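> If you scroll down you'll find the structure; I have some questions about it.
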Amino acid sequence: MIPDDWFIPPGVKLAFSQRSGGVSLPPFDSLNLGDHVGDDPECVRLNRLRISHSLGLSSAPAWLEQVHGTEVIDLDVDANRVADGSLCRSGEHVCVVMTADCLPVLICDRGATQVAAVHAGWRGLCQGILESAIAQFEAPADELLVYLGPCIGPDAFEVGGEVRAQFMAQHVDTAAFFKANNDKYLADLQGIARYRAERLGVAAVYQLPHCTYSLSADYFSYRRDGKTGRMASFIWLEK
């Protein structure tokens, strides 16, 4: 599911899961990877084993307890798993975040020395989780590559004016990513993330323009279905 025109440095691997190919029953059908949504724990365990096997992972994914915050942990030194992002500089860990409408962001440097995965809902994105992750890279921003995975799209993500105001209070140019929709707005999460990465000096931002809300056969969507499963986005360094 990775576009052919994406440049991924040798030594870096990344993947975005979809909803098919697992054992979970409705409404979590079928490759639900979230253990916090009410699914049968054994089904989640088997699904996680399946995805690890299919990706050929030599290390277990470092699953996080995501809290819609801005903390990005270093897996090489930190045992904490309550965070919304992780990074590593070794091949001993697989960075992973779960989503079902929020934006997954994967990051690496061209030299393939460090990788990070970020869960960017609108709150975390507004509060600076992307900037926090980029700041923890030893390579300069213009040597980084950012990959924006599937999320709720700009024609489906309806928010109130207070959300737009919070983004605009930081960067007035962000207004370009909100389209008036009656008394609310339609927001472009991927557009905002691209803008914020590029203003830091990131020159290479790749985008998978798949809307989780619209593509019901392929993706879980919390906004669409309420009780549902979770996809996962992975990035790691080859050993």
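The values are calculated or read from the model by the stated rules, or taken from the named source; none is laboratory data. Since this is a predicted model, take the numbers as computed values, not measurements. Heads up, the Cβs are rebuilt from the backbone with ideal geometry, glycines too, and the neighbour counts pull from every protein chain shown. Surface accessibility is based on the protein's heavy atoms, side chains included, excluding ligands, DNA and RNA. Shrake-Rupley method; radii C 1.70, N 1.55, O 1.52, S 1.80 Å.
> Scan the strands (runs of 3 or more DSSP E) fully inside region 161-219 and keep the ones with 2 or more residues being charged (D, E, K, R), surrounded by 13 or more Cβ atoms within 10 Å (Cβ to Cβ) and under 22 Å from the mean Cα position of the chain (by Cα).
So the answer is none; nothing clears 2.
> I need the full set of residues from region 177-207 which are without any contact (Cβ under 8 Å) to a residue 24 or more places away in the chain and over 16 Å from residue 135 (Cα atoms), in order please.
177, 178, 180, 181, 182, 183 - these are the residues of region 177-207 that are without any contact (Cβ under 8 Å) to a residue 24 or more places away in the chain and over 16 Å from residue 135 (Cα atoms).
> Inside region 220-239, can you point out the residues that are open to solvent by 10 Å² or more (accessible area, probe 1.4 Å) and either modelled with pLDDT under 95 or assigned to a loop (DSSP other than H, G, I, E, B) (or both)?
Those that are open to solvent by 10 Å² or more (accessible area, probe 1.4 Å) and either modelled with pLDDT under 95 or assigned to a loop (DSSP other than H, G, I, E, B) (or both): 226, 227, 230, 238, 239.
> What's the number of the condition residue 149 fails, among (1) touching a Leu at 6+ places or on another chain (Cβ under 7 Å); (2) exposed (fewer than 14 other Cβ atoms within 10 Å of the Cβ)?
Of everything listed in (1) touching a Leu at 6+ places or on another chain (Cβ under 7 Å); (2) exposed (fewer than 14 other Cβ atoms within 10 Å of the Cβ), residue 149 misses just condition (2).
> On to the next question. Can you go through 129, 152 and tell me which one is within 18 Å of residue 190 (Cα to Cα) and in contact with a His (Cβ under 8 Å, 6 or more places away or on another chain)?
Of the residues listed, the single one that is within 18 Å of residue 190 (Cα to Cα) and in contact with a His (Cβ under 8 Å, 6 or more places away or on another chain) is 129.
> Another question about this same structure. May I ask you to say which residue of 141, 133, 120, 116 is open to solvent by 10 Å² or more (accessible area, probe 1.4 Å) and among the hydrophobic types (A, V, I, L, M, F, W, C)?
Exactly one of 141, 133, 120, 116 is open to solvent by 10 Å² or more (accessible area, probe 1.4 Å) and among the hydrophobic types (A, V, I, L, M, F, W, C), namely 141.
> Check 228, 174 and return the single one that is touching a Pro at 6+ places or on another chain (Cβ under 7 Å) and either free of Cβ contacts under 8 Å to residues at least 60 places away in the same chain or at negative phi (or both).
Going through 228, 174 in turn, just one is touching a Pro at 6+ places or on another chain (Cβ under 7 Å) and either free of Cβ contacts under 8 Å to residues at least 60 places away in the same chain or at negative phi (or both): 228.
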